[in-house]
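What follows is a short report on a single structure.
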Amino acid sequence: MNFSVYASGFLERLIESHAVMLQGNAGLKPKEGEGQFFSGSAHRIYLLGNPVVWWANLAFLGIFCVVFVTNSIREKRASAFGVPAPNNQCKLLVSARWQCCCWLLHYVPFWAMGRVLYFHHYFPALVFSSMLTGTLTIYLLESIRSYLSPELGRTLYHCIMGLIISSTVYSFYLFSPLAYGMSGPMSHEPNSTMTGLKWLESWEF
């Protein structure tokens with residue numbers, strides 16, 4: 001008997017191999033409620049990220065929804081709200097809309113994945129949400145400046161931008177040991193230098 005007759009073709013093997021890979025990926029599950037260290041020695045790496053950046057991006061996604069709805073109403077009822085928005089603010093909103101669409105395109109598809117997701121799955125979406133945060137920050141500051149005198153508006157603009165930049169740099173300084181490696185006692189142990197960084201009980205570094 002010639003068993004080669006029963007051999008699968010290229011397309012059948014291709015479909016089968018992809019089905020096996022999808023099944024294997026779907027079976028990868030994280031430890032419930034526990035973080036994961038990406039290191040196997042005393043020098044620990046804990047991929048938490050910068051909570052200031054992640055939480056700010058999350059907040060600005062909500063702010064974008066409010067700004068988008070408000071601006072849409074203002075555009076439809078321009079006569080009731082007075083002078084329409086300046087051209088540069090319209091350009092910023094158009095940019096923000098595209099960035100939000102790109103964030104959705106890079107974030108929503110991962111909801112369909114049944115396997116455990118790691119940071120690198122969310123990094124493309126993080127780029128666009130960070131861009132959206134920056135664009136909305138400029139938009140809001142420009143909107144506030146339009147109601148103030150030029151000198152006061154310029155001073156307020158630079159003060160707020162300085163505060164944002166310094167806060168971002170300082171938060172990177174605080175949480176960089178988690179990504180670049182830390183040693184010593186865990187955050188819940190006595191005399192740990194990481195205790196002040198444990199803002200949530202679910203963080204285990």
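The values are calculated or read from the model by the stated rules, or taken from the named source; none is laboratory data. Bear in mind that the values here come from a model prediction, so they are computed numbers and not experimental data. Reconstructed Cβ throughout: ideal geometry from the backbone, glycine too, with neighbour counts over all protein chains shown.
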query = Can you pull out the residues in the range 173-192 that are within 17 Å of ASN50 (Cβ to Cβ) and buried (at least 16 other Cβ atoms within 10 Å of the Cβ)?
reply = PHE175, PRO177, LEU178, ALA179, MET182, SER187
query = Among the residues of the range 193-200, is any more than 13 Å from GLY49 (Cβ to Cβ) and in contact (Cβ under 8 Å) with a residue 40 or more places away in the chain?
reply = no
Only listed residue being at pLDDT below 75 and surrounded by fewer than 10 Cβ atoms within 10 Å (Cβ to Cβ), chosen from GLY27, GLY9 = GLY9
task = Among the numbered conditions (1) crowded, with 16+ Cβ neighbours inside 10 Å; (2) at pLDDT below 85; (3) over 24 Å from the mean Cα position of the chain (by Cα), tell me where LEU92 comes up short.
result = (3)
inquiry  = Can you pull out every residue in the range 43-67 that is surrounded by 14 or more Cβ atoms within 10 Å (Cβ to Cβ) and either touching a Pro at 6+ places or on another chain (Cβ under 6 Å) or in a helix (DSSP H, G or I) (or both)?
reply    = PRO51, VAL52, VAL53, TRP54, ALA56, ASN57, PHE60, LEU61, ILE63, PHE64, VAL67
ask   = Here are some residues: THR195, THR135. Which one is of a type in the set (Val, Ile, Thr), touching a Ser or Thr at 6+ places or on another chain (Cβ under 7 Å) and at pLDDT 90 or above?
value = THR135
remark   = Inside the range 141-156, the number of residues satisfying the requirement of being closer than 20 Å to ALA59 by Cβ and either without any contact (Cβ under 8 Å) to a residue 40 or more places away in the chain or not in a helix (DSSP H, G or I) (or both) is 2
request  = Please state which of the following conditions TRP54 fails to meet, knowing it meets all the rest: (1) under 24 Å from the mean Cα position of the chain (by Cα); (2) of a type in the set (A, V, I, L, M, F, W, C); (3) at pLDDT below 80.
outcome  = (3)
